[in-house]
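Peer 1: Sharing a structure here in structure tokens format.
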Amino acid sequence: MESKTVVTGALALAVGLLGGYALSPSGPDMSDIETALGARIDAAAERGGEGVSAVAETVQALDARLESLSAKLGTLEERIGETAGAGADATTSGLDKLDLRLTETGEELRNALSELADSQKASLETALAGLSAQPAAPAAPAATETATPAADQEAAAPEGLTSGKTAILADGAIRVFVSRVDDAARSARLSINGALAHLTEGHSVALRPDGDYCRVMLDGVDRGHARVSAACGDDLPAPEGITPGSATVLGDGAAHVFLSAVSADDTTARIAVNGVDLQSVDAGGTVRVGDTRCHVNVDQIDRGHVSFSYGC
């Protein structure tokens, strides 16, 4: 047998080995891999980007391994060519060595391909398992409505009269027209049977419709609405406060108030604060105490009685 023929056969053997191992069924089928990756990546895209990043890193690692294997195959091809060239002029002993070398090289190639296949399978299984383990994005909690005192107050319609409205009280004996409502000051300006009165919340004014003694009370102020009521005769509670000729001490002794007289219609009181100088003060009015920022309030005048308070 000519040495050239032997070398040609050896080269054919080497090419067959390379082709066989490259197409070896021990590696994962690429179409199956693409199908699996496509399904997993689509699922991962719905849950977040971490799983997709893991697969991308795995594919990059496999590309690097394939490039390394290609380099090894190129080196192997050069070595086969060199060995074949040397064997063309060698003796039968040289051909035996060439055959042995080709066998060893084939074994090396088999091991490399097997290792790559195992590595591919393990890496892909790990990456795909990571995709499966990606937790689904938590569903946004359903919005719940929490009732608050402010919300409850807004939900309940305010009661009372707005500006421009009139209330008929005491069986028609008293007409109260609301001129203005001040939420900040908790007060209202009223026209009671034609007479103007400015009341703060909880205070009242007296009048005598048809000779009967009555009082009109501002019960509350709520978002531009004023609640008013009236009571007459025996329906009235007992009067509170001091009567003319009496005095009271307020503010832990800071203000001494002397009541001199009360008008017949219970709308005005004559008082002296920390002295003998008298001044007329309407119900709901105030008197400053000396040079301080404090004042005495005439809270209510009721059937000849006057109640006071003190504030700074």
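The values are calculated or read from the model by the stated rules, or taken from the named source; none is laboratory data. The model shown is predicted, which means the values in this text are computed figures rather than measured ones. Every residue, glycine among them, receives a Cβ derived from its backbone with ideal geometry; neighbour counts consider all protein chains shown. SASA here: full protein model, heavy atoms, side chains in, ligands and nucleic acids out. Shrake-Rupley method; radii C 1.70, N 1.55, O 1.52, S 1.80 Å.
Peer 1: Under the condition of being touching a Ser or Thr at 6+ places or on another chain (Cβ under 8 Å) and open to solvent by 30 Å² or more (accessible area, probe 1.4 Å), which residue from the stretch 228-250 is farthest from VAL306 (Cα to Cα)? Show your work before the answer.
Peer 2: First, the residues of the stretch 228-250 that are touching a Ser or Thr at 6+ places or on another chain (Cβ under 8 Å): 240-242, 244-245, 250.
Then drop every residue that is not open to solvent by 30 Å² or more (accessible area, probe 1.4 Å), which leaves 240-242, 244-245.
On the way: GLU240: 7, GLY241: 5, ILE242: 5, PRO244: 8, GLY245: 11 Å.
Of everything passing the filter in the stretch 228-250, GLY245 is farthest from VAL306 (Cα to Cα).
Residue-by-condition table, conditions (1) touching a helix residue (DSSP H, G or I) at 6+ places or on another chain (Cβ under 8 Å); (2) closer than 30 Å to PRO158 by Cα; (3) of a type outside the set (Lys, Arg):
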| position | (1), (2), (3) |
| --- | --- |
| ASP219 | no, yes, yes |
| GLY224 | no, yes, yes |
| SER229 | no, yes, yes |
| CYS232 | yes, yes, yes |
| GLY251 | no, no, yes |
| HIS256 | no, no, yes |
| SER263 | no, no, yes |
| VAL281 | no, no, yes |
| VAL296 | no, no, yes |
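Peer 1: Given the structure, is GLN300 open to solvent by 40 Å² or more (accessible area, probe 1.4 Å) and either assigned to a strand (DSSP E or B) or under 19 Å from SER204 (Cα atoms) (or both)?
Peer 2: No, not satisfied.
Peer 1: Collect the residues in the stretch 160-182 that are over 20 Å from GLY233 (Cα atoms), part of a loop (DSSP other than H, G, I, E, B) and open to solvent by less than 60 Å² (accessible area, probe 1.4 Å), keeping them in residue-number order. Steps first, answer last, please.
Peer 2: Pass one, the stretch 160-182, residues over 20 Å from GLY233 (Cα atoms): 160-166, 177-182.
Within this subset, residues satisfying the condition of being part of a loop (DSSP other than H, G, I, E, B) are 160, 162-165.
Once the filter is applied, which keeps residues that are over 20 Å from GLY233 (Cα atoms), part of a loop (DSSP other than H, G, I, E, B) and open to solvent by less than 60 Å² (accessible area, probe 1.4 Å), the stretch 160-182 yields GLY160, THR162, GLY164.
Peer 1: Test ARG208 against the criterion of being within 18 Å of ARG175 (Cα to Cα), at pLDDT 95 or above and open to solvent by 50 Å² or more (accessible area, probe 1.4 Å), and give yes or no.
Peer 2: no
Peer 1: Any idea which of (1) in contact with a His (Cβ under 9 Å, 6 or more places away or on another chain); (2) part of a loop (DSSP other than H, G, I, E, B); (3) among the β-branched types (Val, Ile, Thr) is the one THR292 doesn't satisfy?
Peer 2: (1)
Peer 1: Of the residues GLY284, GLY253, which single one is buried (at least 16 other Cβ atoms within 10 Å of the Cβ), part of a loop (DSSP other than H, G, I, E, B) and within 53 Å of the chain's Cα centre (by Cα)?
Peer 2: Unique residue meeting the criteria: GLY284.
Peer 1: May I pose another question? Looking at (1) part of a strand (DSSP E or B); (2) modelled with pLDDT of 95 or more, can you tell me which one VAL216 breaks?
Peer 2: Exception for VAL216: condition (2).
Peer 1: Looking at ALA264, ALA272, ALA283, which is the one that is of a type outside the set (Val, Ile, Thr) and modelled with pLDDT of 95 or more? Please lay out each step first, then the result.
Peer 2: Numbers: ALA264 fails: modelled with pLDDT of 95 or more; ALA283 fails: modelled with pLDDT of 95 or more.
On inspection, the qualifying residue turns out to be ALA272.
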